[in-house]
Amino acid sequence: MSRPKDVKIRMKAVGICGSDVHYYKHMRLTNSIVKEPMVIGHEYAGVVEEIGNEVTHLAVGDNVTLEPGVSCAHCSHCKEGRYNLCDEMKCFATPPIHGCLANFVVHPASLCFKLPENVSLEEGAMCEPLSVGVHACRRAGAGPHTKVLIMGSGPIGLVTLMAAKEFGFPRVAVVDVDENRLKMAQELGAHEVGCVSTRIEDVEKEVLEIQQKMAAGIDITFDCAGLEKTMRTALKATRSGGEVCLVGMGHVEMKVPSTAAAAREVDILGLHRYRNTYQLCIDLISSGRINVKPLITHRFRFSQEDVVKAFNVSAMGGSAIKVMFNI
């Protein structure tokens, strides 16, 4: 390691993200295409092995979590503080950049965050998905009177639920096609849950059912699946003048009732990763205000056999929420 502002980290905990599964199964995610062998993984924490001679806030032996995207720091987006939109962003496990499912990684020290003693390495790795939920709630600009609907109770839907409750949203409903995941959403504090189908033909009926469950206008809907059916539901269920925040990226293209939504002034907000969230996520976990431990449902070792098993378990969904490697 020769760069003075970098650190070398021994990986200890690496989570599997839905995007990792997409690359594993389809060799692409939206417009990012795997064209050559690539290491995946971008939810990670580890122990500092070496530090560059200009690094002062970390020491060998520190437990750290790492923010996976390295921006250019010079473009207009970076200078405005919206570095997550940097056109030159190099993010772990986004082709052609290798990910962190490895024994060691070298990373800028400025993107490495020391973990308090009461935050485990697994919890540190969970700062990455939690950051998505925190950034989504920030993007929506909601307050203590906001009624929220979350489409999807996978890992991102559940961390968005956690963040929404911590941000003080008084009423949060979650819908999904999977009863087991909805049970987890209830256990994590969802006020209402509802099981929906995958059929677009059911949107109108399900929208009425969702609105009746909420017994109030839905101010913000977070679509954490990003499918045509979920976006159609979100746009129709959200009250006039409300917001739909597209968090998930299940479909590259979709046909949605945008004109009807626009006529009701329903705003659509995009979301690209996160920015300036990691220290807040660490503080939320360390203080006990958010408990990410229940989301880690499966653990595997770092071996060829276990890597295959882990990705197959994650891809199947079902009872698997967050699959974690202990390296």
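When the Debye formula is applied to the Cα atoms of the chain, each taken as the same point scatterer, what base-10 log of I(q)/I(0) results at q = 0.06, 0.12, 0.16 Å⁻¹?
-0.20, -0.82, -1.42
How do 131-138, 174-181 rank on mean C-beta neighbours within 10 Å, highest first? Display every interim value, and only then the final one.
On the way: 131-138: 24.2, 174-181: 20.1.
Descending packing order for the listed peptides: 131-138, 174-181.
Could you calculate the contour length gain from E201 to A263, that is, 0.36 nm times the residue separation minus the distance between their Cα atoms, to one decimal place in nm? Spell out each step's value before the answer.
Details: separation 62, 0.36 × 62 = 22.32 nm, distance 2.23 nm.
In short, 20.1 nm is gained.
Quick check: pseudo-label points 7 Å beyond the Cα along Cα→Cβ at K25 and E117, how many nm apart are they?
4.4 nm
Please work through the chain and write down the cysteines that have no neighbouring cysteine Cβ at a distance under 4.7 Å.
C17, C72, C75, C78, C86, C91, C100, C112, C137, C195, C224, C245, each lacking another Cys Cβ under 4.7 Å.
Would you mind calculating the relative contact order of the chain from Cα pairs under 8 angstrom and at least 6 residues apart, reporting the percent as a whole number?
Once normalised by length, the contact order is 18 percent.
Given axes a ≥ b ≥ c from the Cα gyration tensor, I'd like to know whether the range 239-308 is rounded (a/c under 1.5), prolate (a/b larger than b/c) or oblate. Mind showing how you got there, number by number?
Numbers: a/c = 3.18, a/b = 1.66, b/c = 1.91.
The shape class here is oblate.
In terms of Cα to Cα distance under 12 Å, which aspartates and glutamates are near enough to K8, apart from those fewer than 8 places away along the same chain?
E49, E50, D62
Over the chain, what is the percentage of antiparallel beta bridges among all DSSP beta bridges, to the nearest 5?
Details: 26 of 53 bridges.
Of the beta bridges lying entirely in the chain, close to 50 percent run antiparallel.
Cα extents of the range 88-196 along the three principal axes, largest first, in whole Å?
44, 34, 29
Can you flag which of K79/K147; K12/K90; K183/K229; K35/K114; K147/K183; K165/K236 are past 32 Å Cα-Cα? Walk me through the numbers before you get to the answer.
Details: K79/K147 34 Å; K12/K90 22 Å; K183/K229 22 Å; K35/K114 35 Å; K147/K183 20 Å; K165/K236 23 Å.
With Cα atoms farther than 32 Å apart: K79/K147; K35/K114.
Check R264: other-chain or 5+ apart residues with amide H under 5 Å from its amide H, H built from backbone geometry?
The list, which skips near neighbours in sequence, is empty: none.
Using the Karplus equation 6.51 cos²θ - 1.76 cosθ + 1.60 (θ = phi - 60°), what ³J(HN,Hα) coupling, rounded to whole Hz, does each residue of the range 69-80 give in order, writing x for Gly and Pro?
Karplus values, whole Hz, x for Gly and Pro: x, 10, 8, 7, 6, 10, 6, 4, 4, 4, 5, 7.
Find how much the distance from T56 to K35 grows on full extension, using 0.36 nm per residue of separation minus their present alpha carbon separation; answer in nm with one decimal.
Extra length available between T56 and K35 comes to 3.7 nm.
Could you give each residue of the range 248-260 its phi-based ³J(HN,Hα) in whole Hz, using Karplus coefficients 6.51, -1.76, 1.60 with θ = phi - 60°, and x for Gly or Pro?
x, 9, x, 10, 5, 10, 8, 9, 10, x, 5, 5, 5
Values quoted throughout were computed directly from the atomic coordinates according to the rules given, and no laboratory measurement underlies them. From a predicted model like this one, the values you see are computed outputs, not experimental measurements. As a convention, Cβ positions derive from the backbone with ideal geometry for all residues, glycine included, and neighbour counts pool all protein chains shown.
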